Structure formats: structure tokens, C-alpha cells
């Protein structure tokens, strides 16, 4: 047998074994909700980078970036109000498009003391901004208008969709369209596209338009019922022209709707996967089931096109179980130990929930967090600087060491297992009830359970979490050698990440928490 024949046999064996090998290797997944707290998400793709905007701040519009649609890094304000800006309040529902070499951010805002909302157009040289108002308001009919969407047709023509809400949100919301010229001036003529007409829409609201085209057919997707309702949902209408007339589809119900565990999915956009082979819808859901409405959080799901004589789209119920990562995503880096010896944080390994870059730093072989008033606890989600990385597949233990001297109630540093801000478990070195304690805290949906344990720890702590299936063991140590098991609990968390953080909820002072390392080890 010659070398060429041997190579062919080896290639054949590998080809036959590949499906079995793939089946034996766990696949990377994500799980909704994602770790971005915002409403009305819009995602823009520029090359291999995704840019995320949404309703998140009354000081302007923030922007996040990602390479896989799942892990997002806060990059700061794309647009920030000032004494010179027309926009003063209620910065809602931003979207972005590129035209003649410039980037244009458009959004809803209020100017000065007036109650009526308008659409603002701002210009910038980068998706990151800064964006400066150039048409504020973009157009004005003397009535309240919200939720703009710009669609570019195959011939290059631009169309501006927006929502007329009446003088004080007292009328049925209508989605309208105007043509834009090359200087981005809207036509004076407006055409009504749709207004509430179906039973499941609730009779008042059609809002959040997003238009896309598939196989020559135009799809006007929209949200209905109202963003405060758990029944907030998404439907669509079709037309053979971007100006209509539009015919509503799915007349018996929405294409994306609530479940027993997901409330208020709506106000969305569509974006393709990293390899352009899959289409995703990005939308927001309510964080809490018991009290729908704000705060809201980001979610994404796959979209399927329905081919045939009656083309359409299908999404199904909103998911909150592990889903395969968007196709073309780079493999996730899992279970990497870290000594914090570099000058910069490795963003390929770490994401940071609610990052505030002004209150953490790397230096002298430590990652130091300056505690702030914030927490992740039942209805609180204002914790800053929770550092997260993906857990290994299978059973493992993770250990960290932190130097901190908590002196006021609830000042703490912690190590955690993290699914999302409503599903996690942590072990904390905390000051509470007049002394220092070790706390094991477990958040499951809207309920937080806390167990406090006495400790002799003074100004530093070694913390460890061991995971064997769903069984989770929490331990602490004063020297990193002799360990005390604090407690063990069965925790059905999925799509795990490991993280650490520090905070001073309700405290008047801020203190440093210096983490020396995070170490992973396999558990047999």
C-alpha cells in the first residue's frame, strides 16, 4: 500500500467517524435572556462586528459591540444629551443606517418641556459615534410620533416608517411611511400602512415597525398590545411595494409571543448570523413575571422562512432554554484560569455585566473593583462590573482569592455561577447584621434565598464552588489550604458561566475588592 492509498483510507475513516465525534463533543449554546438590560433593541452589522443600541438611559443612547450576537461589551454613549441638544428626555428606540459614507442614528426623543415625542436624526463617522443631531426633529406634523425604521430597497431608495400616537397617546397607534430623498429629507406626503385591527392586537397599539424583503415580498413586522403588557407580541403584514397596501398575516395570533416563563416579547429587529446562513430576531422581554413592564432585557431567536404559494416567516414562542450558538460563531473559550498578570483584560475570555470602566482596573497582578451602590437581588439589577467567563463542560471546581475589608452592611465580594440575572448562585464574603459573614445566595426567577454563616475571616477570603451535575458545593478558606464546606445545594442552572464581583448596596462608602486569580480544575 503506497502513501497516497494510506492517506485516502485515513481520510475515509475520519469521514465516517466525524458524526460520532461531533455527537460526543458538547455544542456551544446560549440561553435567553442575554446579559444586556435594555428595551427596543436594534442591531447593526458592520463587517464582522455587531453594534447594539436600545432604550436604556435618559442621558442618551448607549452602544454595545459583539462578534457573535450573544456576548456584548458596553462601549459607552453613541449619543449623549447636552445643553445644546434638542433631545432632552425619553430617548427611545434608536436605529442606525449608512448613507453616502456617513452613519445615521435616528431615535425618539422629547425636546425641552414639551410632551410630544418626535423623531431625531443624528450623524456620525462611526457606529460608535459620537452622533450629532442634524435634523431635530426630523419632521414635524404637530403630533406625537415615535419608533422610526429606515428601509433601503434594492434600487437604493429609502423609506422612513414611524408610528403616529395621537396628541397624548390617546388614539390608536398607526404605522406610517414617507419616502426619503438623497439628502434624507422626508416627503411631506405620508401613507398609513397599518393600524390595530386584529383581536389579538388589543385594539390600540401597532408600533416598533421593522421592514425587510424576502423573495420580492415586503414584510412589515410590528409589535402589538402595548409594551407594559405580558401579552406584548409581534406580527407582520406583507405587500408588493414598500408603500403598500399591506395585508396582515397570522390573523389568528402573533408570530412571537409570551410563554409561561417569558413575558412581553416585542419591539424587535432582524439580523443575520456571523456566517450569513441564519436569520435572527432580536427583541426585549420583561425581566419579572410577577410585575410585567420595565425593566426589560435582550433576547434573540431564530427565524424560519416559509416558502411556497403563501410565503411567510415563523418564529414560535420566545425561548428561555439553551439554543445552539448562531452559526459561524467562533468556539467559546471555556474554563480558562487567569492570573491577572497582563495589562489588559482578555475580552475573548471575559464579558462584563453592567460594566463601569471607571471603577475597576488591572495592575500588580490583581483585578480590583471599587464597590458601588448596586446589586443583583430580586428586583435590583444595578450591580456594576460582574466579570463573567464560560464554565467548562462537565464537572469542575472554581476558586478565587479576594482581599476586601467589608465594614458596612451588605458590602461584599463574591464568586458565582451565572445563568442570567434572574438565575444564579453565589458565595460572598459580606458584612451584615453587624459582623462579617459568609453568605450563600441563590436567585431563581423572582425569588432570592440567603443563608448566612459565621466566619473568622478578617480582610481576605478564598472562595470555591464545586459543581457535580446539578449538585453544587460552596466552600471558604482563610489560607487557601484548609477548606470548610459551607453548604451544598442542587441547582438546575443551565448555560453556565462563572463570575466574580463586589458591591456596596445602600452603603455610603466605597471600598476596593482585589481579586488575585480565578482557577479552574476538573472534578472526577
(request) Would you be able to tell me the number of residues in the stretch 96-118 that are crowded, with 21+ Cβ neighbours inside 10 Å and more than 24 Å from the chain's Cα centre (by Cα)? (result) 2
(request) Scan the stretch 344-376 for residues that are within 30 Å of residue 522 (Cα to Cα) and part of a strand (DSSP E or B) and report the count. (result) 12
(message) Please verify whether residue 291 is more than 27 Å from residue 49 (Cα to Cα), touching a helix residue (DSSP H, G or I) at 6+ places or on another chain (Cβ under 7 Å) and either part of a loop (DSSP other than H, G, I, E, B) or at pLDDT 95 or above (or both), treating the condition exactly as stated.
(response) no
(request) Taking residue 206 as the residue in question, decide whether it is within 18 Å of residue 140 (Cβ to Cβ), at pLDDT 95 or above and in the same structural domain as residue 282 (by TED's automatic domain parsing). (result) no
(message) Of the residues 397, 372, only one is surrounded by 14 or more Cβ atoms within 10 Å (Cβ to Cβ), in contact with a helix residue (DSSP H, G or I) (Cβ under 8 Å, 6 or more places away or on another chain) and modelled with pLDDT of 95 or more; which?
(response) 372
(request) Only residues that are outside any strand (DSSP E or B) and without any contact (Cβ under 8 Å) to a residue 60 or more places away in the chain: list them for the stretch 24-76, please. (result) 24, 25, 47, 56, 58, 59
(request) Look at residue 426 and say whether it is surrounded by 22 or more Cβ atoms within 10 Å (Cβ to Cβ), out of contact with any helix residue (DSSP H, G or I) (no Cβ under 8 Å at 6 or more places or on another chain) and in a strand (DSSP E or B). (result) yes
(request) Output the number of residues of the stretch 449-479 satisfying the condition of being surrounded by 14 or more Cβ atoms within 10 Å (Cβ to Cβ) and not in a strand (DSSP E or B). (result) 3
(request) Tell me which residues, restricted to the stretch 124-157, are within 25 Å of the chain's Cα centre (by Cα) and in a strand (DSSP E or B). (result) 124, 146, 147, 148, 149, 150, 151
(message) For the stretch 492-511, which positions are in contact (Cβ under 8 Å) with a residue 40 or more places away in the chain and in a loop (DSSP other than H, G, I, E, B)?
(response) 493, 494, 495, 496, 504, 505, 506, 507, 508, 509, 510, 511
(message) Take residue 317 and tell me if it is assigned to a loop (DSSP other than H, G, I, E, B), in contact (Cβ under 8 Å) with a residue 60 or more places away in the chain and surrounded by 14 or more Cβ atoms within 10 Å (Cβ to Cβ).
(response) yes
(message) Of the conditions (1) in contact with a strand residue (DSSP E or B) (Cβ under 8 Å, 6 or more places away or on another chain); (2) in contact (Cβ under 8 Å) with a residue 24 or more places away in the chain; (3) exposed (fewer than 14 other Cβ atoms within 10 Å of the Cβ), residue 85 satisfies every one except a single condition; which number is it?
(response) (3)
(request) Among the residues of the stretch 480-491, write down those that are crowded, with 17+ Cβ neighbours inside 10 Å and part of a loop (DSSP other than H, G, I, E, B). (result) 491
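The values are calculated or read from the model by the stated rules, or taken from the named source; none is laboratory data. Please read all numbers here as calculations on a predicted model, not as lab measurements. FYI the Cβ positions are ideal-geometry reconstructions off the backbone, even for glycines, and counts take in every protein chain you see.
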